[in-house]
1. Looking at A:298, A:287, A:280, A:260, which is the one that is at the interface with chain B (Cβ under 9 Å from one of its Cβ atoms) and modelled with pLDDT under 95?
2. Kindly establish whether residue B:531 is within 10 Å of chain A (Cβ to nearest Cβ) and in contact (Cβ under 8 Å) with a residue 40 or more places away in the chain.
3. Tell me, please, whether a residue that is within 26 Å of residue A:211 (Cα to Cα), assigned to a loop (DSSP other than H, G, I, E, B) and more than 8 Å from chain B (Cβ to nearest Cβ) can be found in region A:111-133.
4. Mind checking whether some residue in region A:249-260 is in the same structural domain as residue A:305 (by TED's automatic domain parsing), closer than 30 Å to residue B:159 by Cβ, in contact with a helix residue (DSSP H, G or I) (Cβ under 8 Å, 6 or more places away or on another chain) and surrounded by fewer than 17 Cβ atoms within 10 Å (Cβ to Cβ)?
5. Give just the number: which of (1) surrounded by 15 or more Cβ atoms within 10 Å (Cβ to Cβ); (2) assigned to a strand (DSSP E or B); (3) free of Cβ contacts under 8 Å to residues at least 60 places away in the same chain does residue B:47 not satisfy?
6. Tell me, yes or no, whether region A:305-322 has at least one residue that is in a loop (DSSP other than H, G, I, E, B) and at pLDDT below 95.
7. Condition test on residue A:247, is it within 21 Å of residue A:129 (Cα to Cα) and more than 9 Å from chain B (Cβ to nearest Cβ)?
């Protein structure tokens, strides 16, 4: 063993190693070449270096320098080859992963919120801006709260306005249980549990003995509003209802305030908006009048205030009640009230 | 109330178009619901004169007529089947090409070999009268050749008279409203009875046993009456107003009811034994055959008009058949009475008889109308049916009560309406509806909430107060606020400006629907469709849930619209199932539904309402796609959904526990009780439905996952304020643990032991694998859990191993579980 032969071996090794690196077609082959030539334990270069102990001491640095140069050259080649192989692999992967980008995405269930409930929320949001807060009251009511406390005594002709569903149960001190015919008994509950100033909203399901058709059901939904304070006036009622109508049906929509009749309000009001179908021109939807009634309202009758424990000489206020079904029908252009409780998927998925 | 304008104009001048009048009435509170034009459906129908009526050459039952249809020489040959025609009569003629009601077209035709150039019309064919037998014979003066619509056409307003305004259920009442709106004067008809012969009192005695129920009874006696049809114009008016002409006497009473608002009854005097009418309660066991030929068993609180032999009529509601005025009647008794409104209403409801008369009695009657009605009826019968009106009347209460005086404070008008109206203007406005006013004096009593709720005026307030003198017909005006409404109504609500309220605000109150709305949003976001179903369901629906039809806790409706909707739901499941099958009928088989709604039951005799969330998943839960198989909904889907929902809502962890299933409703092996860990409360049930329930409702789906959740219990476990758990700076450590347990050990128990034994450093535990099969025993499964451990510092290996070892030991000791090797 002499310097010349070792140098020759290293040169040969270098050539073979570079050739093997260049020939490596994938990472596995490259790593095999790396182990075979520059591996710390079994690599060929290590084997050569192990042999330099046999050389004269003055030759050893020279061989060491050559060996390092070979190692660096081979490792550099490996690094380059590795980068190249990674780039090729990435290209291959990307090419393989090419898809038809116009394929539809994986479907998720759509989900929907019911228009009646959402309309209720929208109404509550609008009145919420004016300080009205939501209260709840029961679906099974007493005759006394549903009627008598609201100035509708037994055998009063105004009872014809509500075809009542009664509960089959013994009366309690002459007070019959019934399914509330309107949300108005909630007024009484609010007045009895809180003091003015009152700004309350009472949404809920109501029941009447009605034949079902495109605009009537025996179950329907209402929102009741109540505002009581020392100086609450009918002008305030009108102002608030105008705000509401404009919020829900557009700022430019004309409104109309005209006399109505409810035993629990006086003066009583019917509140109309210009027909949303014909914009006032007259069409079947508005009975050719150009107007649609969207709610009933009025100043709370003094006897109702008294029954609520509020002195009508000091306080006054207004109440209003509207059919959520009707508002939702006008808002969404729904022409049959029965859709709401049928829950046809084709209906639901439009909301 | 149907108001023919031609009739209304007898009592008030109307210069407005029907549309303008309708709007004015509507803005006055007399809402016009519709405007009908009678005669609009006649085209080319004219007034003709019969020149000749001859037998048809080829048909015994037909006539051949010659009819002149204009002032000139136009003469038509028309074949006619009626027998009441004669030359010289004026008749309605439908010309060839004419159109009659019901889109009926009249053409020139050949009848039995003879050409007919049009048709002579009956009243029925024109929808003018109910007579379909004969041709409508027009009065002789009807202008020849005129369009029939120009002569007999009319405009009828359909006015929605509110229950408090019984006084407006008449043409005169509505004429008063028109006058209030336009300033025109009301013209009363001239009520003028020509009496002769002996006294009514010599034929008729009236005895009222209970004057509280019959405050006034005015009777008149007539004889020599000839029953027959009313004059044509009367029949036309009644028809236009929606009443069927019957005979001159009956029509007269109906005419007066429509004109004055006073229901009148006429008896055949021959049927009144001894000429003595008794107003009394029915006695036990009494029966009466009413005009509709139904024999009715009378209850003892029924007010009757009777004679000494028995009942003649149900007072104010319906007459009796035996005393009905008919063809042979010659003498009649006219009853013009006032009855107690409540008694009439109750009686009408009891017998299911609500007549035009009873509807008016129920709303109360003006005292003076009793006499006016009797006189007007006698006048009209004498004019239309001849006969003699006996002198005088029988009257049980001839003294007119004084008008009601209602003191009020004009200052309250502005206070309530929010718009200033001077006292002078208020007086002028009230005068337009016949309410006079005068100054109040100290001590006058202002009715506040009801007529008995009185506040005395002191000298100062009396100086600014007024007293309204209310005419007898305005029975609705009794308190101060009634007058405020009247001022607002006559002045026009449109004069009230809109203002935003500027008063004090109520205090904060949490929105009770807030938490609920969060749940709804979350579920819809997860792909469920919100539904709203009927609260009223049927006994069959409850029966399928194992609830008997007469279950005492079920709240039943006494007068349901139908059996299917006769009970308040005790579960949301029947409604959700109904939505499922309705959608299946539309071939929509994959449904994921939720509803938030009340369920009801009796508890200790009191109704209890609770808010429930119901979920139903059927068909595919994971939708299929071009590279993904669909997967049907199963119990684990709904349990996972609820655990996520409860966690997101802030109520912490939800666990499913084994429970006995409801037989034939819930799947016996796939139903769990849901419990909130934080509160320990049971919040509901989840699982799959028993396939037998699905089959019972004819669902196509054989598997459906469901859940029912008590919303109050769920939201009650959400803390008012969430507090942050500090975040550890070092990462958590995960350890996997697989244990083998017997089938008698539920996974829920394994997880509970792990959580208990692992102690406070356990942050989370998740079952990530479950394996059954070799080499495990047949009734064993391997459960693999990933435990996430965390402390405020780095845990040492020894600490971690100690925790895991503790868990393994506890699982072994408490559940017989062994570590899977």
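The values are calculated or read from the model by the stated rules, or taken from the named source; none is laboratory data. Keep in mind the model is a prediction, meaning the values are calculated, not measured. Note that we place each Cβ from the backbone using ideal geometry, even for glycine, and neighbour counts take in every protein chain shown.
1. Working: A:298 fails: modelled with pLDDT under 95; A:280 fails: at the interface with chain B (Cβ under 9 Å from one of its Cβ atoms); A:260 fails: modelled with pLDDT under 95.
Just a single option satisfies the conditions, and that option is A:287.
2. Yes, satisfied.
3. no
4. Yes, the conditions are met somewhere in region A:249-260.
5. (3)
6. Taking every residue of region A:305-322 in turn, none turns out to be in a loop (DSSP other than H, G, I, E, B) and at pLDDT below 95.
7. yes
The rows are residues; the columns are (1) outside the structural domain of residue A:337 (by TED's automatic domain parsing); (2) out of contact with any helix residue (DSSP H, G or I) (no Cβ under 6 Å at 6 or more places or on another chain).
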site	(1), (2)
A:89	yes, yes
A:103	yes, yes
A:124	no, yes
A:138	no, yes
A:141	no, no
A:146	no, no
A:149	no, no
A:156	no, yes
